[in-house]
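> Have a look at the structure that comes next, please.
The values are calculated or read from the model by the stated rules, or taken from the named source; none is laboratory data. Predicted model, so just to flag it, every value in this text is computed and none were measured. Positions of Cβ are generated from backbone atoms using ideal geometry, with glycine treated the same way; all protein chains shown enter the neighbour counts. Please note that ligands, DNA and RNA were not included when accessible areas were found on the heavy atoms of the full protein model with its side chains. Shrake-Rupley method; radii C 1.70, N 1.55, O 1.52, S 1.80 Å.
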Amino acid sequence: MTEGAQKTIQTQWELNIRKVLEEIPASLSGTEAFHDYLKGVPLASSPSQRDQWGQWYESQLSLTERRMKGQHFTPDALCDLMLALTVENGSELILEPGCGTGAFLLRAYEQLGMLPPKEPSHRQRLSQLWGIELDLKAGFLSACQLISQQGQTSEKRVLPHIRLGDFLSVDVHSVPNFDVIIGNPPYIRQEHLKQQERFSFELATKQVRQDYTNYLNRYPEQEKLFRGHSDLYLWFFLKATCLLKAGGRLAFVTSNAWLTSSYGNAFRQFLTHHFELKALIESDQECWFPNAAINPVITVLRRRSEKNKDQPGRLIRLRQPLAQLLPTVSKQKTNQAKVEYWRACQSLGKLLLEGLPLNGVSNETMIMPPTLPETESSMKSIQESPWQSWMFQLKTLNQTRFLFEPHPTLSTKRENSRWLSLEDFGRVRYPLKTGINRFFYVNSETIRHFGIESEFLFPVLKSTKEITHLSQNSTGFSTLLFSCSLSLAELKKRKKYGALSYIQWGSKQQSGVRQKRQQPVYWPDIPSVQGRPFWYQCQPLTPAHLLCPRFFDRRFFFTQPLDELSEDQTFYGVTLHQKNPTFQDTDWLAARLNSTLSYFLVEHLGRGNLGDGVLQYARQDMARLPVLNPNLYSSKEKQSILDVYAVMKQRPIEQIEKEVLNADRRELDQQLLKPFTQAGKTTVDEIRERLVSLLLEQVQHRTER
């Protein structure tokens, strides 16, 4: 067939799909009416065409539409891996919530036909597969693709169990309990929903909450799980739990934000009550959803039952793309080739869950306890989140547990433990908020153009790239803060014509249209600058003692400002408390924060869910960052540490791979790690080598994936 003929067939095929979708009545709703409509829909006869319906529909959605709906469609290889981890014998009843065009259902349909002991009929396979979808067209295509697997036959058309509607609103008594629930829930935060969507969402979540009445009566502290700001996919976990049989398996691929975020605390506790964690899986080598600004993780769970005892789960890091880990698919696509493929997939799933050696995979043992003994974690940030401490232990592979055991010579009181939090030493404040960055932040070109006088200009720190040393002045900063506390009349009287002309220019500028602002607004009328003596007055912050980055890439630092400057949204300022003279020593605090041990904690306790390899800290996370207790060190030891730190402050900060090689850093680390040596067991150099190795491994994983 010529290329032109193929293009003509493809064009006609797309026109046919468009025609079928356009003919769907907009008023079609309800499962019964949906199924009645499906009985008369003409379907494609060619297998190559019918399997492309879903792919074609997905390609028609713009990136903006996908992000608004939180829809990021699942590649076949990922579906196959997750099915291999959950479907054990081929007799399971399987549900895909939010099934879209049926990615998991279509792959499960093929899988069920290839597992022993014998190939089930088309009717039998469809009876085992259930899907629920809110999007009418996507649900329609999901159903059509499953129906079409029957091929050309004179038999009566068998309809699949595809329901139209919101998964969260499903009556738990209207559907069976499932052996396997699997899927890729939408990636969207509830506060980003449109007004009508939010109304529907609130109704649906009320239904979910009712499903947990008994649970909340038993655990009233879990009430916070059902309110506040969280990702929509968390509600999918909650609803799915109600529909899963005891001993059933659940596998979702989602953002990894729930592992460390504050809103995930209650959710992590919920999972410990209801599930054994079988596996957490992430990839070093590929991003499964390139258009989603997230770091995805596969979570595999087994519903608790009286018969099952907790077994260690697996923390799995894929160091090869899925295409290389999964068995090669035969081009012949014969039944025998498919059988061999799915059997090989099942073997791969078994290897992963049992932790057996496998090339291209890092597979570590983990246990999911409801809580950790207090003696194993005295850090406030970890104590407040049992799962965060659990995740911390996973990442460190139990190699650093001794760092958080009680010190033998200190009392058990928290203030005398090895660790305190940063907020014990000072207030971690919110950064500067100007209200109109385009006006208040000025560069040299703007200053020259208007002739703005220097008395109205103040140094401001906007980028981590501007920090070069552990003690930093503002010389050479590219941005300054404009702020004026004089009236226009006073400016004119004092002949401050540069500032005057700049303010007059600014008063004529308008803001753009935003989600909550339907019309442009002149800058002086923007709500965020109201309540000030003058709209153009943005008071600089009082100088901080320390500046903490909000984002970490390959450079780690906590810097001391040498002159007065204000920090923008990429930093948090720390102003030290006055209550304790020991805590007022900025150099002493900065020396401990800038140790490799501190950087190790920063890496492991930060949020890595930005999707671009950058580690993020919310203000409350930074406030709870563990800091070495100064009481661990004598006055002589403190002075030795400060002497080394004074040398470090004089040289540029380097990327962490080079930074850890510096002799002054090695000496600083050796001094600070002395309280952690174990007599006759562990030396300072051994501890440091272990920390450096773990830190560099995690940084590489985060930045190069």
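> For the range 422-462, list the helices (runs of 4 or more DSSP H) that sit wholly inside it and hold at least 2 residues that are open to solvent by less than 10 Å² (accessible area, probe 1.4 Å) and either more than 22 Å from R624 (Cβ to Cβ) or at pLDDT 95 or above (or both); which are they?
Details: elements: 422-425, 437-440, 444-450.
The qualifying helices (runs of 4 or more DSSP H) are 437-440.
> Let me ask something else about it. Tally the residues that are open to solvent by 90 Å² or more (accessible area, probe 1.4 Å) and either among the β-branched types (V, I, T) or modelled with pLDDT under 80 (or both), restricting the search to the range 173-195.
3
> Still on this model: I need the full set of residues from the range 93-113 which are surrounded by fewer than 20 Cβ atoms within 10 Å (Cβ to Cβ) and more than 31 Å from the chain's Cα centre (by Cα), in order please.
Let us first name the residues in the range 93-113 that are surrounded by fewer than 20 Cβ atoms within 10 Å (Cβ to Cβ), namely 93, 110.
The one that is surrounded by fewer than 20 Cβ atoms within 10 Å (Cβ to Cβ) and more than 31 Å from the chain's Cα centre (by Cα): E110.
> Given the conditions (1) closer than 16 Å to L250 by Cα; (2) touching a Phe, Trp or Tyr at 6+ places or on another chain (Cβ under 7 Å); (3) surrounded by 23 or more Cβ atoms within 10 Å (Cβ to Cβ), which single one is not true for L141?
(1)
> What are the residues in the range 611-641 that are of a type in the set (S, T, Y) and without any contact (Cβ under 8 Å) to a residue 40 or more places away in the chain, if any?
Selection gives S634, S635, S640.
> Kindly indicate the residue of the range 79-92 that is closer than 17 Å to L243 by Cβ and not aliphatic (A, V, I, L, M) and also surrounded by the fewest Cβ atoms within 10 Å (Cβ to Cβ) among those meeting that condition. Steps first, answer last, please.
Our first condition is that a residue be closer than 17 Å to L243 by Cβ; within the range 79-92, this holds for 86-87, 92.
This time we only want the ones that are not aliphatic (A, V, I, L, M), so: 86, 92.
Details: T86: 25, E92: 20.
The selected residue is E92.
> Name, by its number, the condition in (1) modelled with pLDDT under 85; (2) on the phi < 0 side of the Ramachandran plot that does not hold for I132.
Exception for I132: condition (1).
> List the residue pairs whose Cβ atoms are under 7 Å apart, where the first residue sits in the range 239-251 and is free of Cβ contacts under 8 Å to residues at least 60 places away in the same chain and farther than 12 Å from G183 by Cβ, the second is open to solvent by less than 10 Å² (accessible area, probe 1.4 Å) and of a type outside the set (G, A, S), and the two are 6 or more positions apart or on different chains.
Cβ pairs passing all conditions: none.
> Could you figure out which of (1) assigned to a helix (DSSP H, G or I); (2) at pLDDT 85 or above; (3) open to solvent by 10 Å² or more (accessible area, probe 1.4 Å) isn't true of G349?
If we test G349 against (1) assigned to a helix (DSSP H, G or I); (2) at pLDDT 85 or above; (3) open to solvent by 10 Å² or more (accessible area, probe 1.4 Å), just (3) comes out false.
> Could you list all residues from the range 474-502 that are among the small types (G, A, S), assigned to a loop (DSSP other than H, G, I, E, B) and crowded, with 16+ Cβ neighbours inside 10 Å? Lay out the reasoning, then the answer.
Taking the range 474-502 as the starting set, the residues that turn out to be among the small types (G, A, S) are 474, 476, 478, 483, 485, 487, 489, 498-499, 501.
Right, trim to assigned to a loop (DSSP other than H, G, I, E, B) and you get 474, 476, 478, 483, 485, 487.
Answer for the range 474-502, where residues must be among the small types (G, A, S), assigned to a loop (DSSP other than H, G, I, E, B) and crowded, with 16+ Cβ neighbours inside 10 Å: S474, S483.
> Which condition breaks for S471 when tested against (1) exposed (fewer than 12 other Cβ atoms within 10 Å of the Cβ); (2) in contact (Cβ under 8 Å) with a residue 12 or more places away in the chain; (3) under 33 Å from the mean Cα position of the chain (by Cα)?
(1)
> Just give me the residues in the range 642-661 being touching a residue at least 60 places away in the same chain (Cβ under 8 Å) and open to solvent by 80 Å² or more (accessible area, probe 1.4 Å), in sequence order.
The answer is Q650, Q655.
> Shifting gears a bit: For the range 524-537, name all the residues that are open to solvent by less than 90 Å² (accessible area, probe 1.4 Å) and within 35 Å of the chain's Cα centre (by Cα).
Residues of the range 524-537 that are open to solvent by less than 90 Å² (accessible area, probe 1.4 Å), as a first pass: 524, 526, 528-529, 531-532, 534-537.
Those that are open to solvent by less than 90 Å² (accessible area, probe 1.4 Å) and within 35 Å of the chain's Cα centre (by Cα): I526, S528, V529.
> Of the numbered conditions (1) touching a residue at least 40 places away in the same chain (Cβ under 8 Å); (2) within 19 Å of L546 (Cβ to Cβ); (3) open to solvent by 70 Å² or more (accessible area, probe 1.4 Å), K465 satisfies every one except a single condition; which is it?
The failed condition is (1).
> Which is at pLDDT 75 or above and of a type in the set (K, R), of R198, R218, R227? Before the answer, list the steps.
On the way: R198 fails: at pLDDT 75 or above; R227 fails: at pLDDT 75 or above.
After ruling out the rest, the residue left standing is R218.
> Could I ask something else about it? On the given criteria, is R494 over 19 Å from Y441 (Cβ atoms), out of contact with any Pro (no Cβ under 9 Å at 6 or more places or on another chain) and either polar (S, T, N, Q) or without any contact (Cβ under 8 Å) to a residue 24 or more places away in the chain (or both)?
yes
> Out of L93, L115, report the one residue that is modelled with pLDDT of 90 or more and either of a type outside the set (D, E) or touching an Asp or Glu at 6+ places or on another chain (Cβ under 7 Å) (or both).
L93
> Can I ask one more? Within the set of pairs 6 or more residues apart or between chains, which connect a residue that is closer than 30 Å to I503 by Cβ inside the range 538-555 to a residue that is open to solvent by 50 Å² or more (accessible area, probe 1.4 Å) and assigned to a strand (DSSP E or B) with Cβ atoms less than 6 Å apart?
P540/F458
> Which residues, counting only those in the range 563-591, are assigned to a helix (DSSP H, G or I), out of contact with any helix residue (DSSP H, G or I) (no Cβ under 9 Å at 6 or more places or on another chain) and at pLDDT 90 or above?
Within the range 563-591, just T586 meets the criteria.
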